[in-house]
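Colleague: What follows is a single structure, and I will ask about it in a moment.
Every number in this text was worked out from the coordinates using simple rules, so none of it is lab data. From a predicted model like this one, the values you see are computed outputs, not experimental measurements. Every residue, glycine among them, receives a Cβ derived from its backbone with ideal geometry; neighbour counts consider all protein chains shown.
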Amino acid sequence: MIAGFITCIVLAFIMIFMGYQIHIKKKLWLIAGYQEDSFVGDQAKLAKLFGIFSYIVGIATFLLPFGLEFWGDISGILYAIFICVGTVGILVWSHMINKPN
């Protein structure tokens with residue numbers, strides 16, 4: 001039980017750190033599939049989008065073991081749905097950003 005808490009906390013801090021690197025430091029090469037030569041949109045918006053999503057996923061991952069402890073499997077199901085729907089939404093939004101200014 002304690003191993004699950006520690007694992008989720010470590011993964012949450014890694015996700016938050018990666019969000020910081022993308023959002024604040026503008027290290028866009030950390031985004032899977034990003035190619036600077038083929039991206040024609042606003043890179044600052046893309047960095048903000050993926051960075052904030054990474055923060056949100058990190059916070060949700062941090063809260064996951066507490067939700068599993070108090071509410072049971074329903075919190076794990078909601079977490080999985082949130083991650084899947086959020087990822088699809090972020091991908092659609094990033095394609096909308098990829099337009100010349």
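Colleague: Any idea which of F17, L30, Q43 is furthest toward the positive side of the dipole for the chain, if Lys and Arg beta-carbons carry +1 and Asp and Glu beta-carbons -1?
Modeller: Of F17, L30, Q43, it is Q43.
Colleague: Another question, then. Residues with beta-carbon under 15 Å from that of Q21, excluding Q21: net charge, scoring Lys, Arg +1 and Asp, Glu -1?
Modeller: Taking every other residue near Q21 into account, the sum is +4.
Colleague: Could you give the length gained by full extension between I52 and F17, i.e. 0.36 nm per residue of separation minus their alpha carbon distance, to one decimal place?
Modeller: 11.5 nm
Colleague: How far is helix 2-23 tilted, in degrees, relative to the longest principal axis of the Cα atoms in the chain, given as a value from 0 to 90 rounded to the nearest 10?
Modeller: Value to nearest ten degrees: 20.
Colleague: Same structure again: Within segment 26-51, name every residue whose backbone N is under 20 Å away from a label modeled 7 Å from Cα of V85 along the Cβ vector.
Modeller: 50
Colleague: 222 nm [θ] for the chain, helices only, -39500 (n - 2.57) per DSSP H run of 4+, per residue, to 500?
Modeller: Roughly -26500 deg cm²/dmol at 222 nm, from the helical runs in the chain.
Colleague: Cα-based Rg of the chain per 2.2 N^0.38 Å, rounded to two decimals?
Modeller: Expressed relative to 2.2 N^0.38 Å, the Cα Rg reads 1.21.
Colleague: Taking the Cα-to-Cβ direction at I6 and at W71 and moving 7 Å from each Cα, how far apart do the two end points lie in nm?
Modeller: About 2.7 nm separates the two model spin labels.
Colleague: Then there's this: Against the longest principal axis of the chain, how steep is helix 73-97, in degrees 0 to 90 to the nearest 10, with axes from Cα atoms?
Modeller: Approximately 0 degrees, to the nearest ten.
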